[in-house]
1. DSSP beta bridges in the protein assembly as shown, what fraction antiparallel, as a percent rounded to 5?
2. What's the magnitude of the charge dipole for chain A around its Cα centre, counting Lys and Arg as +1 and Asp and Glu as -1 at the beta-carbon? Answer in Debye, nearest 20.
3. Choose one answer from A:T184, A:T200, A:T101: the residue with the largest mean-square fluctuation in a GNM of chain A with alpha-carbon springs under 10 Å.
4. Counting other Cβ atoms within 10 Å of each Cβ, which trypsin sites (Lys or Arg not before Pro) in region A:1-85 have at most 11 and sit in a DSSP loop?
5. Ranked highest first by average number of other Cβ atoms within 10 Å, how do B:84-90, A:133-139 line up?
6. For chain B, modelled as a Gaussian network with Cα springs under 10 Å, which listed residue fluctuates most, B:F16, B:F281, B:F240?
7. Report Rg(Cα)/(2.2 N^0.38 Å) for the protein assembly as shown, keeping two decimals.
8. Could you derive backbone 3J(HN,Hα) for region A:254-265 from the dihedral phi with the Karplus parameters 6.51, -1.76 and 1.60 (θ = phi - 60°), listing whole Hz in sequence and x where the residue is Gly or Pro?
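Coordinate-derived values only; no laboratory data. Given the structure is predicted, the values throughout are model-derived calculations rather than measurements. Cβ atoms come from the backbone with ideal geometry, glycine included; neighbour counts cover every protein chain shown.
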Number of protein chains: 2
Amino acid sequence: MSSVTNRIAADRLRAFTARAFVAAGMPADHAATCAELMVRADLTGADGHGVFRLPQYIRRIKGGAVNLRPRLVVAREAAGMALVDGDNGMGHVVMRFATETAIAKAKTAGVAWVGVRGSNHAGPASLYAAMPLAHDMIGLYLAVGNANHMAPWGGIDLLLSTNPIAVGVPGYEEGPIVLDMATTVAAYGKVKTRAQRGETLPEGWMIDRQGNSLTDPRRAAEGLLLPIGGYKGYGLALIFGLLAGTLNGAAMGKDVVDFNADDSSATNTGHAIVAISLSAFGEVDEFKRRVDRLVRDIRESRKMPGVERILLPGEQSRAKFEDRSRDGIPLPSSLLESLDKLARELKIPGVLESAS
Amino acid sequence: MSSVTNRIAADRLRAFTARAFVAAGMPADHAATCAELMVRADLTGADGHGVFRLPQYIRRIKGGAVNLRPRLVVAREAAGMALVDGDNGMGHVVMRFATETAIAKAKTAGVAWVGVRGSNHAGPASLYAAMPLAHDMIGLYLAVGNANHMAPWGGIDLLLSTNPIAVGVPGYEEGPIVLDMATTVAAYGKVKTRAQRGETLPEGWMIDRQGNSLTDPRRAAEGLLLPIGGYKGYGLALIFGLLAGTLNGAAMGKDVVDFNADDSSATNTGHAIVAISLSAFGEVDEFKRRVDRLVRDIRESRKMPGVERILLPGEQSRAKFEDRSRDGIPLPSSLLESLDKLARELKIPGVLESAS
């Protein structure tokens, strides 16, 4: 049964992921970065963006789609911004570099906006929005998704991706607040999960090209993901794509490569990461205490009948992070098998085997 | 009948609005700024944010809620940011100053983020997101709304406003693209309009405190506006409020003053305006042509059955701007009467009277 899950320690999964990348030809430091960030995605519950993606990433590396020895450069720069060219490197490597650039610049500029082109799929948006938190900074991240599953409002051509936004805001004793959301009602990964389980889709996730509700996930390929708030979510996906893609000379609209269906083309993925230094705006602790007060006001406010707890963005991910750091990351047997198959292809020890 | 509308020339309405503010004690230059921006709101079709607000603004000025002679200052500053203290001045005056500050800083910094506290209601978000366009810049604006009509997801206490986002992106022959949206399915003004007309509300706009659909606009006071995309819109409203309010030391959550119901308290309204210089990221015309191509790809893409035209954000506002600049701004008789009543109170010539 593919529904059996196994708890794998993060260290073990990290080591496996790194040796898979190294076996595929990646330098050890980049492999370590990718492994660390992919396993962090799994720890925070972003299951569709963690090691689940490893076979696909390796396939695209072998297909020549990704540059394993990219020359990461700041192509343009001013006091409050930088434009990073990722030279078609792994998205995680490029985005770590871009985020570190934003943090370094924000230390003197107060706020720094870093655009990115020539990147690749970089995992969940929250990874990068959360990096500035440790520096007493707010992180704001936008990206162009790596497959178009949405049409402009009123249209049927797939010209837009689920372009996400993520924002991380530090608290004092509470938080951090970490929002990470696609601009569609449901992410495409959720549709795929329902299809695997043979479940129908809730109304409002997808429509077909006549505008009728589509609830059979086996028909997903002929469907369109619906944006949140109708035309509003279309507007957000478009604007986030302009800021993360078009502004940086990265792919947007027709130029977006469906990286699920293509193992050899560069995606020219675009991102934007903004680091906002709290100390530029005032007393850091004072800000954090205001966030705490807001969090508590919300959490302790009156609830609808039947509601157990009012959640803050990022609260569930943090609980998963604690649980999984302690007890291991739950991997379905089907995923574990596909990782072991990958190990045999790469001639490396499998997830549960010793790496020595 | 209040449904009769009159077309009033923009110049006439601007002159009337300015003399009303001057009669209420505002310096002439600030009155001119407020009049210009309020009438611009009407020209672009933001009817609920233009001269419709004048009686309320004057009432709050007379109630001592607004400082007519604010000392606008950059309270804190670094290369990529500034924090403007509006000293409780009129929102339009404060936000024009803040946006000009952002534009000036972005000329050297490439990107500049300006936070604002101590401001007031400033009209539609699009006004400020569009100001950087003439400087070949993208504008991004966030604000904390001036009345809480939304609860946290799962809650019933009104702790959140319809905190909007607006983004303006220049094109070459097309555009500009100007998105301006609240994070709720419907803005509260739309509910009020339906109530005035005796119409019911569409499902999905509001719920009552048991979570049931609320479609009778006369019951709006006991209802909650629904966020777009459910918990996602709640997350956006929260994050935009943190960035535009909490970060700047402006009101957010419980501290938000309902300025519709209060004529004497300072609102400490918060905003954020970001100016992004296109030339910092690359060739300006090249960027604009990429925007044009994207706009055309979207507009010319295949349509759902029954859809006449695929719209880009800002397209309808631009059409209204052209129509109203030429033929005048349509004011319902009821609004015209309330403005003439205001004129009598202020002992100034009415909208249709000569000002000489």
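1. About 90 percent, rounded to the nearest 5.
2. Result for chain A is approximately 300 debye, rounded to the nearest 20.
3. A:T200
4. Passing sites in region A:1-85 are A:R71.
5. The packing order, highest mean first, is B:84-90, A:133-139.
6. B:F281
7. Compactness ratio reported: 0.97.
8. Per-residue couplings from phi come out as 4, 7, 5, 8, 6, 6, 6, 10, 9, 10, 10, 9 Hz.
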